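The values are calculated or read from the model by the stated rules, or taken from the named source; none is laboratory data. Since this is a predicted model, take the numbers as computed values, not measurements. Here the Cβ positions follow ideal geometry from the backbone for every residue, glycine too, while neighbour counts run over all protein chains shown.
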Amino acid sequence: MKTAYQLVLLAFAALVVTGCSERDSNDGEVIDNILLPTDVVLNLFCPDVGINDETCVLADPENPFSVTAIPEPDQVPEDDDGNPLLDDKFALAAALPQGPTGAKARFYLWATALARRQTGENQWYTARALHELYDANSNLIFEDELIKEHAKRAYRSVLDNFFGQVTFFNVFGEVIPVQLNEQTARDVIYGPPEGFRPLVSSVLEGLALIGEWGYTYNEQNDTLSKNQ
């Protein structure tokens with residue numbers, strides 16, 4: 001029944017895309033026939049959206065990727081010559097607009113990828129997208145506290161549910177593994193290198209928050225361990 005339902009959704013999505021060629025210029029941005037949101041106000045579709053194995057994002061009517069294939073690198077089909085037939089999740093992410101106009105789309109892409117395959121990598125990128133949205137929708141007068149707290153939950157989920165997993169960065173053409181334990185701790189305590197506003201008011205508060213979650217971050221050695 002679930003498979004049939006998904007096929008119906010895919011057929012419906014094809015019809016919707018076909019009829020989307022005429023639209024108001026303020027509706028959003030179209031990339032590969034997907035109408036992307038460009039605002040930075042995220043409505044959490046359910047309390048645990050974007051957290052571990054919660055799949056409600058797939059039913060969110062604001063999610064432009066709900067019926068879009070977002071294959072993992074090892075899931076990309078190839079033709080007889082070994083050429084990829086689909087873009088993987090990283091290629092799709094790279095095609096999104098940079099800066100705040102792409103932040104909401106980044107959340108939906110990574111939360112959808114997470115709902116379909118629970119990995120630390122997908123959870124961490126979802127947390128980063130929430131962090132970016134918090135930054136984009138906050139200023140000196142107003143802070144988006146709801147998304148700020150949800151970003152913290154998403155970061156914590158990396159540690160609680162995917163402890164020890166890695167992602168891979170391309171550094172000057174060399175692909176290197178990055179431990180998500182320590183990267184998550186740095187994101188929470190100091191803020192990401194992208195310059196998003198921090199989720200905590202000081203390094204001490206960040207260290208204390210990591211401690212409340214049940215972990216200890218050693219700044220000198222850049223290591224994170226579970227508390228006994």
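Of note:
- If you go through the range 117-144 and keep only what is in contact with a Pro (Cβ under 9 Å, 6 or more places away or on another chain) and under 19 Å from residue 63 (Cα atoms), you end up with 128, 131, 132, 133, 136, 137.
- Residue among 194, 182, 174 that is touching a residue at least 60 places away in the same chain (Cβ under 8 Å), of a type outside the set (Gly, Ala, Ser) and under 25 Å from residue 90 (Cβ atoms): 194
- Hey, residue 227 over 30 Å from residue 74 (Cα atoms) and either touching a residue at least 24 places away in the same chain (Cβ under 8 Å) or exposed (fewer than 15 other Cβ atoms within 10 Å of the Cβ) (or both) or not: yes
- Residue that is in contact with a helix residue (DSSP H, G or I) (Cβ under 8 Å, 6 or more places away or on another chain) and at pLDDT below 95, where the choices are 33, 52, 63: 33
- Subset of the range 59-94 (residues that are part of a loop (DSSP other than H, G, I, E, B), surrounded by 15 or more Cβ atoms within 10 Å (Cβ to Cβ), in contact (Cβ under 8 Å) with a residue 24 or more places away in the chain and of a type outside the set (Val, Ile, Thr)): 60, 63, 64, 65, 66, 72
- The number of residues in the range 141-156 that are surrounded by 15 or more Cβ atoms within 10 Å (Cβ to Cβ) and in a helix (DSSP H, G or I) comes to 9.
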